[in-house]
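Working notes for the structure below.
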Amino acid sequence: PMPTIGLTRYAVINGKAEPAHVTVLPITARQDMLYRVRLDARGENFAVTIQGTLVDFWSDSRLKTGGVGFFCGKGEEARVRWIQVSHQYD
């Protein structure tokens with residue numbers, strides 16, 4: 001069987017993590033592959049694409065400002081090659 005990849009997202013409100021939302025991604029996992037992940041945040045709307053394919057979207061009006069983070073589960077390993085954070089003024 002081919003391994004699957006999951007995207008886990010959750011909000012942290014007033015220092016407390018909200019319940020997590022997990023989406024199993026419709027792509028085949030490979031250990032020798034670098035994945036291009038993009039998160040677009042526009043107002044209260046969020047969209048995640050991986051390798052150019054939309055894999056998750058949601059709205060949350062509670063998030064006026066904030067940040068992003070990365071984590072691995074116990075015993076897992078990941079590598080981040082490049083990160084770009086930008087703001088579009090229009």
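The values are calculated or read from the model by the stated rules, or taken from the named source; none is laboratory data. What you see is a predicted model, and the numbers here were worked out from it, not measured in a lab. As a convention, Cβ positions derive from the backbone with ideal geometry for all residues, glycine included, and neighbour counts pool all protein chains shown. Protein only, heavy atoms only, side chains kept; ligands, DNA and RNA dropped before computing areas. Shrake-Rupley method; radii C 1.70, N 1.55, O 1.52, S 1.80 Å.
Observations
- Among residues of region 1-19 that are over 15 Å from ALA78 (Cα atoms), those with a Cβ under 6 angstrom from a residue that is small (Gly, Ala, Ser) and open to solvent by 60 Å² or more (accessible area, probe 1.4 Å), sequence gap 6+ or separate chain, pair up as TYR10/ALA17; TYR10/ALA20.
- Output for region 42-58, where each listed residue is touching a residue at least 12 places away in the same chain (Cβ under 8 Å), under 15 Å from the mean Cα position of the chain (by Cα) and surrounded by 10 or more Cβ atoms within 10 Å (Cβ to Cβ): ASN45, PHE46, VAL48, THR49, ILE50, GLN51, THR53, VAL55, ASP56, PHE57, TRP58
- Among the candidates VAL85, VAL12, VAL22, residue that is loosely packed, with under 12 Cβ neighbours inside 10 Å and at pLDDT 85 or above: VAL22
- Restricting region 29-41 to residues that are outside any strand (DSSP E or B) and open to solvent by less than 80 Å² (accessible area, probe 1.4 Å), the residue that is modelled with the lowest pLDDT: ALA29
- Given (1) in contact (Cβ under 8 Å) with a residue 24 or more places away in the chain; (2) open to solvent by less than 60 Å² (accessible area, probe 1.4 Å); (3) of a type in the set (Val, Ile, Thr), number of the condition VAL68 does not satisfy: (2)
So that you can scan it fast, the table gives a plain yes or no per residue for (1) polar (S, T, N, Q); (2) closer than 18 Å to ARG81 by Cβ:
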residue: VAL24; (1), (2): no, no
residue: ALA29; (1), (2): no, yes
residue: GLY43; (1), (2): no, no
residue: SER59; (1), (2): yes, no
residue: ARG62; (1), (2): no, no
